[in-house]
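Readers should treat all values here as calculations from the given coordinates under stated rules, not as data from a laboratory. What you see is a predicted model, and the numbers here were worked out from it, not measured in a lab. Reconstructed Cβ throughout: ideal geometry from the backbone, glycine too, with neighbour counts over all protein chains shown.
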Amino acid sequence: MVKLNSNKHRSKKQHWPKERTYNRALLTEEGIVIKSNNINEAYSNLKRNSVSSLGPAQDSILRRSFSNSTSAFHNSGEFSRFNDLESTHTTDETPEKILSNADLDTLETASVVSCITCLSDTHSITSPRTSGDLPYSFLNGKFPINTVIPFGRILHAKYIDRSLSRRGSDIKRKSPRSSLSKTTTGNSIQSVDSGRSTINESFKDAYEFPTSPDLKTFHSNTSFNSELKDVNFNRKYAKKLIEITFAKPRRHDIIPKRLILDIESILPLEHDLVTEILNRSYQGTRRNRKILAIINEFGGKGNAKKLYFSKAKPILAASRCKVDIVFTEYTGHAINVAKEMDINKYDTIVCASGDGIPYEIINGLYQRKDRAAAFSKLAITQLPCGSANAMSVSCHWTDNVSYAALSIVKSKEVQIDVVCCSQPSYFSTSPRLSFLSQTYGLIAESDINTEFFRWIGAARFEIGVAFNILQKKKYPCELYVKYQARNKNDLKEFYLKKHKSHQAWPNFNSYDIDPENEFTEGSSDDFQEITEENFKLKYPYQEGIPSDWERVSPELTKNLGIFYTGKMPYIAADIKFFPAALPTDGAIDMVLTDGRTAVTRMVPILLALDKGSHVLQPEVIHSKVLAYRIVPKGNNTLFSVDGEKFPNEPLQAEVLPRLCKVLLRNGSFVETAFNNM
Ligand SMILES: Nc1ncnc2c1ncn2[C@@H]1O[C@H](COP(=O)(O)OP(=O)(O)OP(=O)(O)O)[C@@H](O)[C@H]1O
């Protein structure tokens, strides 16, 4: 049992200025700015910034201090030390262990700095992974005065300032073992209140809100801006004591942490501060998701259950998601789960698995009688617990489970294209939906025939491909295509046009909204109710190959090396096989190679897979298609659809535009830089 008011605590506490009990903070456009304990200093800076904002130094001082501080920590090698200290402070240690007031100051800042560090270094596959690579400048040994918890990292907010006694009991009851209860509650109940009144008084006497029209205010939208003009800027700040739960880095992951903040804002008094924080933190997404989590303990390295409970659950819980869990018990179990589930109970299906379970879920929903309602209602997403995790890498921009969990609670729901596949042995009962890829021959064998290698992770696939290419295997077939963009020039033009419309969403971390861009045509914001019409095929298999399809040169197809078509840019964490793939462009990316290509030419092509620049090589044929039929001529091979084994039969595929709701970080696939290639 924790002693809340030990003498030891009190004697140390006596030396603390009362204002230090909680961080003070300011609500800004970027997030919540933690101020130094010296309120005069913090507000001097803020005021100075507003004045200097008329000049080129308009860039927020808050943002600047954050960036610089981040690099200071990383580059000075201090990051982990402060990270550890912060964990100590907010979990099990008493303030006495945190040596001095100066250290405490640093600590409070460091805790947020480490948060920010994580916010910028999001373990995305496009971010540098090592601290040495971080693109921040030095702060020359100084700690920042102000740092920001961006809205993109805030998981929850609630008031705790009803009354002194209620506040104390509330914290103790809810978190009896946390240092928040030990240090903050136990020692500081008195100082909470007296500290607040001190702040109120000193602030009231000394400061008024800066009147510069250029100061960035909490709201940037036009209605609020006009409202702001009417607000009397000389009125005093509204102040609230609020508990913020936010995602903070710990080693390679993020974990939820709490911080009690004395928050000031310039919002008109009738605005509820917690509501504003939550609205801003969950802008454009769904709060309090109702999740059905499907855990496949047999995917990847076999640790999906552990990954889910240790890395994902805390983030989902802190975000107040409601989760029911199903463990898959046999191959294909997830299909039955999706067929039989009560779609009214959930809005999100989270697959803690590889790509096989999302495939099964999508196809289970597709086989339902009420499939239109199911696809309208449910978002399908992945926690990366398999070996390739293409969906998570492409949609959440990460193969880290905790970051993917954050993406799940923060991402936009976007209805993406899927591909409908038909083969003679099953099309009459039910075609199959594919969200990721279809492949024949070389790649399919590399994927399917290495399944027993699952335990080595994504490398199994690369080993398989290299092995098959060195053997110079050929996979003869006939190929008929309905082109969207036949050659590389057309494809680039099409991509640039479509890519622009996918840049519409505000950034997940900074929420730098460009109002002109926010709802451009084709942006992922326009939800369409799914009806049976959306499932209707333009090119049913039984109707044969339409006359306007083109046959790909038999000279190539009788010697085919790679046949790979895809709808997502990454097929594994380091393999950007379809760098031009877009979520709603209505087209499938197709990559072909000639099996006769010299090994000396294939090696650089394979080595370019991580950058995606293999598609630029002259030996690689890269196009966008609306539909195709591939007729295999060889006997000893197979198809792989979304990593699942499919029969060696003719396969016809076409795009079903914007059918399947998924969660996309920032509303788009991970950036592939194809426009700059
Ligand atoms: N209890 C189980 N026993 C055996 N197989 C199962 C079980 N549960 C699910 N499966 C099957 O495991 C297969 C692989 O699943 P999953 O996609 O999660 O892993 P993976 O193949 O390692 O990952 P990735 O697709 O990312 O490479 C699926 O076909 C699924 O039907």
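So here's what we get for this one:
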| read-out | value |
| --- | --- |
| Counting all C-alpha pairs of the stretch 284-410, share separated by more than 18 Å (%) | 46 percent |
| Out-of-range pairs (alpha-carbon distance over 22 Å; input LYS472/LYS624; LYS290/LYS500; LYS498/LYS661) | LYS472/LYS624; LYS290/LYS500 |
| For ALA572, distant residues with modelled amide H under 5 Å away | PHE577 |
| Label point 7 Å beyond Cα of ASN487 along Cβ direction - residues of the stretch 550-576 with amide nitrogen under 19 Å | 550-557 |
| Cross-link pairs LYS257/LYS377; LYS301/LYS645; LYS322/LYS369; LYS369/LYS645 - those with Cα-Cα distance over 22 Å | LYS257/LYS377; LYS322/LYS369; LYS369/LYS645 |
| Length released on extending from GLU340 to LEU616, taking residue separation times 0.36 nm less the Cα-Cα span | 94.8 nm |
| Length added when fully stretched, LYS500-SER553, from 0.36 nm per residue minus Cα-Cα | 15.8 nm |
| Ranking of ASP526, ASP585, ASP490 by count of other Cβ atoms within 10 Å, fewest first | ASP526, ASP490, ASP585 |
| Contact order normalised by residue count of the stretch 284-410, Cα under 8 Å, 6+ apart, percent | 33 percent |
| Label-point separation, ASN635 to ALA317 (7 Å along Cα→Cβ), nm | 5.8 nm |
| Measure of compaction for the stretch 353-445 (Cα Rg per 2.2 N^0.38 Å) | 1.17 |
| Sequence of GLU644, GLU619, GLU532, GLU329 once ranked by neighbouring C-beta atoms within 10 Å, starting from the fewest | GLU532, GLU329, GLU619, GLU644 |
| Chain lengthening between GLU649 and ALA373 when straightened (0.36 nm per residue, less Cα-Cα) | 96.2 nm |
